[in-house]
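Visitor: Pasting in a structure now, in structure tokens, and then I'll have a few things to ask.
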């Protein structure tokens, strides 16, 4: 069995946290991974400078969807600035599976983080890291 | 072709011994490589031939007057002749070397489509097409004011030719673009029938044969098409080499595609004239060694026998479909084995194709997962992606068994 699919990943995949859509919402973004067709859409609300509520919907592989679910728990309640600067390593630590030799799956794992950064960039003008600049090109 | 006699079985162990990749172990096991529709592995005949070519015969072609230049030009043009024979073409003037199948198709779209198409014209592609025979036509139709029409398919993934009547009412049919074998689900399309329909309307047929040329004997005259595209890397050759076959009178009349060195006859400030065929379409230094390598691959395939390869893959396809039918939660897409190439695309109810492919990898089984550059086909089936196993001359029934074993592993994790 591949060690990518440890229990925690499968649990988040089968029982995603903060799954759904906020309507109305203060910020929204969507992103795809053209390689896999993974798709993640994120909505959030702010309370002052905090990300008070966040939800995601999407479809795709277990890694992309479980990572999105884990990211929700990581982000909710943090300040906008904290989330905008959240290093990808923090999400990868949370996922806790070896993706280093698997750059294709790394993109799956980091898709939702890029979408969150894009939503903040659009709603609050925070910086969009180079890594996800492609999300703005259409 | 020997359709009247049953081809003798392949000596697969001996064939596998020609491919160095099978000497390596992946996750501790021999590689079950079921992704040849994506790109094939390479035999020593090609690998060692390329090294020898680079060591003893390499220079640029068509311009070096020294000994090496003559050797390189002879090797490059010799490969063109091998491809001509493979396709049953009349003349090497009809064999254009390109970078890959995609470039061959773009060549026709740009050089023919942009200058020939206009308002009132209809260009037809199909829902099963690889993006490379879909997007260029959609694009040049938009650029030229022509209409782009997509021929649909039925639930089994076979083209619905009855839709052609409705499509014809939209305007003047100028060109039909379709694949001989669908890369994502394996359907063998009725190219001869479609080409005859197009010819009756004085329309051209462009055939993507990338999934067919590696696996069965082709004859461009029998197909009845006007252009046929194929790619080297799927047929045991190197990447970076493709082929466009086109009818000579069409290629002669066409505008050039890429412009620059080699494709000119004379250049002055006022005017430039084009070189003869096929050089007119081979601007710049071509993929010299890659073309030579493709020629070596053609030798290898011809030596084994394409009819035997086709029969072998058919046997594996029948076996795989029987086995997959018994696997819990697995749905195979596409037509029955009689009307498909050596491609079996499927979904499994408990896991996404990428997760399936990842777990199969841990079992030493290589498959492709994704939309296979056929998003309209995926949309047709209402799914985002599939897992695809594809067969070639070096595959065995054991490879299929390994696939099934891996799928049991998928169910153990996700089920």
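Taken together, the values in this text are just the output of simple stated rules run on the coordinates, not laboratory data. Keep in mind that what you see is a predicted model, and the values were worked out from it rather than measured. Don't worry about glycine lacking a Cβ; one is built from the backbone with ideal geometry, like all the others, and counts go over all protein chains shown.
Visitor: Who wins for biggest fluctuation among B:343, B:359, B:181 in a Gaussian network model of chain B, springs between alpha carbons below 10 Å?
Guide: Top of the fluctuation ranking is B:359.
Visitor: Sort out for me the Cα centre separation of the stretch B:308-372 from the stretch A:49-86, rounded to whole Å.
Guide: 35
Visitor: By its C-alpha gyration tensor, with a ≥ b ≥ c as the square roots of the eigenvalues, how is the stretch B:7-121 shaped: rounded for a/c under 1.5, else prolate for a/b larger than b/c, else oblate?
Guide: The shape class here is oblate.
Visitor: Mind listing P(r) for the stretch B:49-302? All alpha-carbon pairs, 10 Å bins, whole percents.
Guide: Calculated over all Cα pairs of the stretch B:49-302, the distribution is 7, 31, 34, 19, 7, 1 percent.
Visitor: Counting only other chains, what is the mean number of Cβ atoms within 10 angstrom of the Cβ of each residue in peptide B:342-354?
Guide: 3
Visitor: Treating the angle as unsigned and between 0 and 90°, give the value, to the nearest 10°, between the Cα long axis of helix A:62-75 and the longest Cα principal axis of chain A.
Guide: 40
Visitor: Using Cα pairs closer than 8 Å and at least 6 residues apart in sequence, work out the relative contact order for chain A, in percent.
Guide: Computed value for chain A: 27 percent relative contact order.
Visitor: If you don't mind, another one. Below 8 Å, C-alpha to C-alpha, sequence gap of six or more: please give me the relative contact order for chain B in percent.
Guide: Computed value for chain B: 22 percent relative contact order.
Visitor: Gap in Å between the Cα centre of the stretch B:171-207 and the Cα centre of the stretch B:122-167?
Guide: Comparing the Cα centres of the stretch B:122-167 and the stretch B:171-207, I get a distance of 10 Å.
Visitor: When a/c is below 1.5 the answer is rounded, else prolate if a/b is larger than b/c, else oblate, so apply that to the stretch A:7-125 with a ≥ b ≥ c taken from the square roots of the Cα gyration tensor eigenvalues.
Guide: Taking the square roots of the gyration eigenvalues as a ≥ b ≥ c, the stretch A:7-125 is prolate.
Visitor: Taking R0 as 22 Å, what's the FRET efficiency between residue B:170 and residue B:373 from their Cβ-Cβ distance, rounded to 0.05?
Guide: 0.25
Visitor: Please work out how much length the chain gains when fully extended from residue B:339 to residue B:412, using 0.36 nm per residue of separation minus the C-alpha to C-alpha distance, in nm with one decimal.
Guide: Full extension of this stretch gives 23.0 nm more.
Visitor: Is it possible to state the helix-based mean residue ellipticity at 222 nm for the protein assembly as shown, with each DSSP H run of 4+ residues giving -39500 (n - 2.57), the sum divided by total residues, to the nearest 500 deg cm²/dmol? What is it?
Guide: -11500 deg cm²/dmol
Visitor: Looking only at Cα atoms, what is the convex hull volume of the stretch B:244-353 per residue, in Å³?
Guide: Each residue corresponds to 195 Å³ of Cα convex hull volume.
Visitor: What percent antiparallel are the DSSP beta bridges of the stretch B:49-302, to the nearest 5?
Guide: Given both bridge residues lie in the stretch B:49-302, the antiparallel proportion sits at roughly 45 percent.
Visitor: For a Förster distance of 35 Å, can you work out the FRET efficiency between the beta-carbons of residue B:222 and residue B:349, rounded to the nearest 0.05?
Guide: Efficiency at R0 = 35 Å is approximately 0.25.
Visitor: Please compute, for peptide B:357-363, the average count of beta-carbon atoms on other protein chains lying within 10 Å of each residue's beta-carbon.
Guide: 4
Visitor: For the pair residue B:51 and residue B:14, how long in nm is the line joining their label points, each one 7 Å along Cα→Cβ?
Guide: 2.4
Visitor: Rounded to the nearest 5, what % of the DSSP beta bridges within the protein assembly as shown are antiparallel ones?
Guide: DSSP beta bridges in the protein assembly as shown are roughly 70 percent antiparallel.
Visitor: Based on alpha-carbon atoms only, what is the radius of gyration of the stretch A:77-138 relative to the globular estimate 2.2 N^0.38 Å?
Guide: For the stretch A:77-138, the normalised Cα radius of gyration comes out at 1.15.
Visitor: At what distance in nm do the modelled label points of residue B:259 and residue A:78 sit from each other, each positioned 7 Å from its Cα along Cα→Cβ?
Guide: With each label placed 7 Å out from Cα toward Cβ, I get 5.3 nm.
Visitor: Would you list the P(r) distribution for the stretch B:141-264, with all Cα-Cα distances sorted into 10 Å bins from 0 and each bin expressed as a whole %?
Guide: Histogramming the stretch B:141-264 at 10 Å steps yields 11, 38, 36, 14, 1 percent.
Visitor: Right, something else. Considering only DSSP beta bridges with both partners in the stretch B:153-232, what is the antiparallel share in %, to the nearest 5?
Guide: 20
Visitor: For residue B:160 paired with residue A:100, estimate the spin-label separation in nm (one decimal), with each label point 7 Å from Cα along the Cα-to-Cβ line.
Guide: 5.3
Visitor: How would you order A:109-116, B:277-284 from highest to lowest mean count of nearby Cβ atoms within 10 Å?
Guide: A:109-116, B:277-284
Visitor: Which FRET efficiency value, to the nearest 0.05, is calculated for residue B:21 and residue A:133 with the Förster distance at 35 angstrom and r the Cβ-Cβ distance?
Guide: Plugging the Cβ-Cβ distance into 1/(1 + (r/R0)^6) gives 0.40.
Visitor: Anyone know which of B:349, B:299, B:219 comes out most mobile in the 10 Å Cα GNM of chain B?
Guide: Residue with maximal mean-square fluctuation among B:349, B:299, B:219: B:349.
Visitor: In nm, what is the difference between 0.36 nm times the number of residues separating residue B:63 and residue B:114 and their Cα-Cα distance?
Guide: 15.2 nm
Visitor: What ranking do B:379-388, B:142-151, B:162-171 get when scored by the average of other Cβ atoms within 10 Å per residue, highest first?
Guide: Listed from highest to lowest mean packing, they are B:379-388, B:142-151, B:162-171.
Visitor: Along each principal axis of its Cα atoms, how long is the protein assembly as shown end to end? Whole angstroms, biggest number first, please.
Guide: That gives 73, 59, 54 Å along the principal axes, largest extent first.
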